[in-house]
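The values are calculated or read from the model by the stated rules, or taken from the named source; none is laboratory data. What you are looking at is a predicted structure, and each value in this text was computed from that prediction instead of being measured. Cβ placement follows ideal geometry from the backbone for every residue including glycine, while neighbour counts extend to all protein chains displayed. Side chains included, ligands, DNA and RNA excluded: accessible areas come from the protein's heavy atoms. Shrake-Rupley method; radii C 1.70, N 1.55, O 1.52, S 1.80 Å.
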Amino acid sequence: MSQEKQEHGHGCDCGCHGEQPNPFVELNPVLDHYADIPGSLITVLQKAQELYGFLSIELMRYIAIETHNSIAKVYGVATFYTQFRFEPVGKYLIMLCQGTACHVNGSKMIEEAVMDFLEIKEGETTPDGLFTLNNVACLGCCSLSPVMMINDDTYGQLTKDKVTHILAELKEAVNNEATVSETVSQEVTA
Amino acid sequence: MKIVIGEGSCGIAAGAHKVQNAFEEIIAEKGLDLSVEKTGCIGTCYLEPIVDVVDDGGKKITFVNVTADDTRRIIEDYVLGENELKELQISESDITMIGKQKRIVLRNSGIIDPERIEDYLAVDGYLAAKKCLTELTPEEIIETIKIAGLKGRGGAGFPTWFKWDAAKKSPGKTKYMVCNADEGDPGAFMDRSVLESDPHALIEGMLIGAKAIGANEGVIYVRAEYPLAIVRLQNAIDQARKKGFLGHNLFETGFDFDLRIKAGAGAFVCGEETALIASLEGERGMPRLKPPFPAQKGYWNKPTNINNVETFANVPWIFRNGGDAYAALGTKESKGTKVFALTGKVKKGGLVEIPMGLTLHDVIFDIGGGIKQDKAFKAVQMGGPSGGCIPASLLDTQIDYAEITKTGAIMGSGGMVVMDETTCMVDMARFFLDFTCKESCGKCTYCRVGTTRMLEILNRITHGKGQDGDIELLEELCYKIKDGSMCGLGQTAPNPVLTTIKYFRNEYEDHIYHKKCTAKSCKPLLTYTIDVEKCVGCGACKKNCPVDAIAGEKKKVHDINQDTCIKCGKCFSVCKFDSVIID
Ligand SMILES: Cc1cc2nc3c(=O)[nH]c(=O)nc-3n(C[C@H](O)[C@H](O)[C@H](O)COP(=O)(O)O)c2cc1C
Ligand code: FES
């Protein structure tokens with residue numbers, strides 16, 4: 001058994017006694033770092049979400065065991081805060097602002113345009129796994145309202161046309177990438 | 001000569017990075033000796049991206065709404081040539097807009113580079129802290145804040161000196177200084193701007209406060225949605241530590257103080273101080289009953305003082321200029337300045353900092369330039385989900401804690417969302433209730449269930465299903481929720497409803513009794529008809545109608561079947577001939 005496995009559990013309680021590989025080894029440095037800092041549960045959950053994209057039940061169970069909390073406690077904290085997600089998200093996470101300034105300047109209309117274009121509802125992910133639509137309350141760029149963020153980029157002064165254009169461009173970029181990598185892999189195999 | 005680009009979140013969203021890249025390319029291409037630097041947000045967000053060209057003598061020319069394409073002209077025509085490029089320069093009226101303000105909190109925003117502590121030091125940064133640590137006693141620090149009359153800028157407007165004094169007198173060796181940078185009011189962004197544009201002002205303010213109350217450890221609780229703010233703040237903390245403004249034995253006085261950031265995880269209620277403390281401790285952010293106040297039992301049950309970002313950012317200025325100078329600004333009861341986030345249907349949206357005592361009219365019309373497209377002003381929302389809507393008849397209200405409270409709104413953290421004739425006030429009330437209902441932590445039944453019931457009623461009114469007695473029922477619930485809730489969230493959640501009923505009762509009545517939304521905003525209350533004069537029979541509406549409610553032959557006037565119509569508005573948006581009438 002490796003050093004790591006002695007210090008940390010192996011991420012499941014199936015009774016395999018550590019024979020299965022630990023699916024969450026990447027989190028162990030985080031757990032070590034915060035082990036002695038009281039009140040770090042939220043920070044640990046944030047780092048875990050950064051690593052894995054979302055908090056699965058297995059991941060939360062692992063964190064609970066490793067931080068000596070009950071699973072109920074971890075789940076209770078995670079579900080209290082809107083930042084935490086319990087399902088995988090698309091390649092592009094659309095955070096559409098529904099704050100006051102954006103609402104007054106027509107964010108509902110923007111939401112409709114996004115929903116029409118992607119054919120999903122708020123909170124859902126497109127079947128191709130590209131886009132997830134989430135509503136948020138205020139991104140702090142209210143003077144450019146309506147505003148949305150896609151991953152790390154902020155887009156302001158949105159109109160229906162502008163937002164469909166942005167989404168179409170992202171979609172196209174991915175499709176192009178896909179064709180490029182396809183050709184590359186074809187070339188490699190050839 | 002140097003080029004300085006405004007790179008707050010808003011500048012970046014407007015394209016500041018593209019502008020920066022374009023400048024760097026041209027400068028490299030031409031081999032020019034020109035540095036490209038960044039600064040924070042000057043507050044005139046409607047002019048972003050903003051570029052200053054500063055010559056060696058310090059003379060500054062500001063170019064606004066700069067695109068990547070403009071950069072070549074700025075270099076070739078202005079920097080290298082003789083052309084002044086007046087058309088790209090900031091206008092006189094915009095300069096006056098900035099000139100009407102009194103900038104204390106925003107003194108360095110948009111001027112210094114927030115990522116370089118040297119810039120902050122060059123504008124006398126940390127001298128106030130040095131004075132407080134080496135020359136003043138905690139009592140003298142608190143006395144100065146008392147003379148200044150500084151009140152908390154986070155919402156409630158509680159005198160800062162009083163809180164510091166209580167935390168100082170509270171027994172115990174370990175104390176904490178906490179900064180509330182949760183900025184939960186959707187529509188307010190002054191705290192973000194300070195964090196991104198002048199983070200050292202906050203650190204210096206906290207350091208002074210820490211000395212006053214005797215805290216050796218500080219935490220800044222920053223909203224998760226502000227990634228850039230967190231990066232700049234962390235950078236500033238690291239720099240301050242390196243320069244000896246944070247850490248051990250500061251200014252060789254034997255006083256220790258260090259700071260760290262805690263990122264929030266998205267919960268409005270965590271702006272409430274006891275909930276914030278719970279969240280800092282890694283728990284669900286549930287408020288608890290006060291007393292004991294945080295000054296007695298706060299973070300880890302130790303005496304804790306919590307102030308807002310803007311409150312702290314005022315502090316260094318007060319010690320550089322004197323408590324009297326601060327108290328000379330403003331009204332009898334509300335001293336100093338306040339930063340407002342002016343947004344919504346206003347022409348010149350952005351951050352404005354003004355001395356207390358100006359009127360709402362001054363801010364919205366003189367500084368904000370009035371209403372977009374010169375439509376009619378209807379109301380201004382202040383105080384966010386805890387505040388209210390102030391109507392046109394009260395535009396002469398002075399900006400002062402007590403005066404604003406009299407209207408039924410609150411000063412709040414400084415969100416000012418301007419609404420025009422196209423904003424439906426019942427829908428606004430519904431919007432805020434939807435927010436508070438989702439954000440209620442669920443501890444108090446009145447807050448949890450009461451806001452849900454209110455939201456249901458408001459939903460039915462805006463859907464054309466309002467009933468006689470709904471207004472009275474709403475009012476009754478409002479008072480019960482106010483009485484039956486433990487924390488500020490529930491106690492103030494009814495304010496948006498109460499103020500809209502008070503000032504815009506006719507709109508509620510129109511919705512309920514006449515099934516009409518005069519602002520033409522509540523879709524279910526609208527009727528869509530086709531203007532027989534204008535319709536050319538192109539068939540676009542018919543093709544796009546999701547429920548086949550439109551009939552008509554090609555090149556003949558079409559007609560909408562009102563019984564089938566679901567009022568989605570598709571026909572209106574696709575008609576190229578403006579022949580769909582909304583009523
Ligand atoms: C529901 C609720 C949300 C709040 N949100 C914030 C906030 O986002 N930022 C803030 O500074 N204060 C907020 N407050 C006020 C704080 O509880 C506290 O009064 C304030 O941080 C104290 O700082 P000050 O005295 O400097 O204003 C909120 C209060 C309530 C009841
Ligand atoms: S309300 Fe949308 S960014 Fe603030």
For the stretch A:151-174, indicate whether the set of residues that are of a type in the set (A, V, I, L, M), free of Cβ contacts under 8 Å to residues at least 24 places away in the same chain and surrounded by 21 or more Cβ atoms within 10 Å (Cβ to Cβ) is non-empty. no
When both residues are 6+ apart or on different chains and their Cβ atoms are under 7 Å apart, which pairs have a first residue that lies in the stretch B:134-148 and is in contact (Cβ under 8 Å) with a residue 40 or more places away in the chain, and a second that is open to solvent by 40 Å² or more (accessible area, probe 1.4 Å) and not in a helix (DSSP H, G or I)? B:134/B:251; B:134/B:253; B:148/B:335
In the stretch B:11-46, the residues that are within 14 Å of chain A (Cβ to nearest Cβ) and in contact (Cβ under 8 Å) with a residue 60 or more places away in the chain: B:12, B:40, B:41, B:42, B:43, B:44, B:45, B:46
Requiring at least 3 residues that are away from chain B (no Cβ under 11 Å) and either away from ligand 2 (no atom under 15 Å from the Cβ) or closer than 21 Å to residue B:384 by Cα (or both), the strands (runs of 3 or more DSSP E) wholly within the stretch A:121-171 are A:131-136
Members of the stretch A:28-56 found to be over 21 Å from residue A:93 (Cβ atoms) and more than 12 Å from chain B (Cβ to nearest Cβ), listed by number: A:28, A:29, A:30, A:31, A:32, A:33, A:35, A:36
Out of the helices (runs of 4 or more DSSP H) lying entirely within the stretch B:245-334, which hold 3 or more residues that are within 14 Å of chain A (Cβ to nearest Cβ) and in contact (Cβ under 8 Å) with a residue 40 or more places away in the chain? B:273-280
Can you name the number of the only condition in (1) within 14 Å of chain B (Cβ to nearest Cβ); (2) open to solvent by 10 Å² or more (accessible area, probe 1.4 Å); (3) more than 16 Å from ligand 2 (Cβ to nearest atom) that residue A:92 fails? (1)
If residue A:82 meets every condition in (1) facing another protein chain (nearest Cβ under 9 Å); (2) touching a Leu at 6+ places or on another chain (Cβ under 9 Å); (3) in contact (Cβ under 8 Å) with a residue 40 or more places away in the chain; (4) surrounded by fewer than 20 Cβ atoms within 10 Å (Cβ to Cβ) apart from one, which number is that one? (2)
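Okay, residues lined up against (1) out of contact with any strand residue (DSSP E or B) (no Cβ under 7 Å at 6 or more places or on another chain); (2) of a type in the set (Val, Ile, Thr); (3) at pLDDT below 95:
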position: B:325; (1), (2), (3): yes, no, no
position: B:330; (1), (2), (3): no, no, no
position: B:341; (1), (2), (3): no, no, no
position: B:345; (1), (2), (3): no, no, no
position: B:353; (1), (2), (3): no, no, no
position: B:357; (1), (2), (3): no, no, no
position: B:363; (1), (2), (3): no, yes, no
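Which strands (runs of 3 or more DSSP E) does the stretch B:347-407 wholly contain that include 2 or more residues that are open to solvent by less than 40 Å² (accessible area, probe 1.4 Å) and within 12 Å of another protein chain (Cβ to nearest Cβ)?
By residue number, B:350-355, B:377-382.
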Return a yes/no flag: does the stretch A:142-150 have any residue that is more than 27 Å from residue B:388 (Cα to Cα), small (Gly, Ala, Ser) and away from ligand 1 (no atom under 16 Å from the Cβ). no
Scan (1) at pLDDT 95 or above; (2) in contact with a helix residue (DSSP H, G or I) (Cβ under 8 Å, 6 or more places away or on another chain) for the single condition residue B:403 breaks and write down its number. (2)
Members of the stretch B:38-72 that are hydroxyl-bearing (Ser, Thr, Tyr) and either assigned to a strand (DSSP E or B) or open to solvent by 10 Å² or more (accessible area, probe 1.4 Å) (or both): B:39, B:46, B:62, B:67
Inside the stretch B:271-321, can you point out the residues that are on the phi > 0 side of the Ramachandran plot and in contact with a helix residue (DSSP H, G or I) (Cβ under 8 Å, 6 or more places away or on another chain)? B:282
Checking the conditions here, which among B:293, B:257, B:268 is open to solvent by less than 30 Å² (accessible area, probe 1.4 Å) and of a type in the set (A, V, I, L, M, F, W, C)? B:257
In the stretch A:108-133, residues that are touching a Ser or Thr at 6+ places or on another chain (Cβ under 7 Å) and either of a type in the set (S, T, N, Q) or within 16 Å of ligand 1 (Cβ to nearest atom) (or both) total 2
Subset of the stretch B:416-433 that is part of a helix (DSSP H, G or I) and open to solvent by less than 10 Å² (accessible area, probe 1.4 Å) - its residue that is nearest to residue B:184 (Cα to Cα): B:432
Per-region count, the stretch B:73-84, residues open to solvent by 60 Å² or more (accessible area, probe 1.4 Å) and of a type outside the set (Lys, Arg): 5
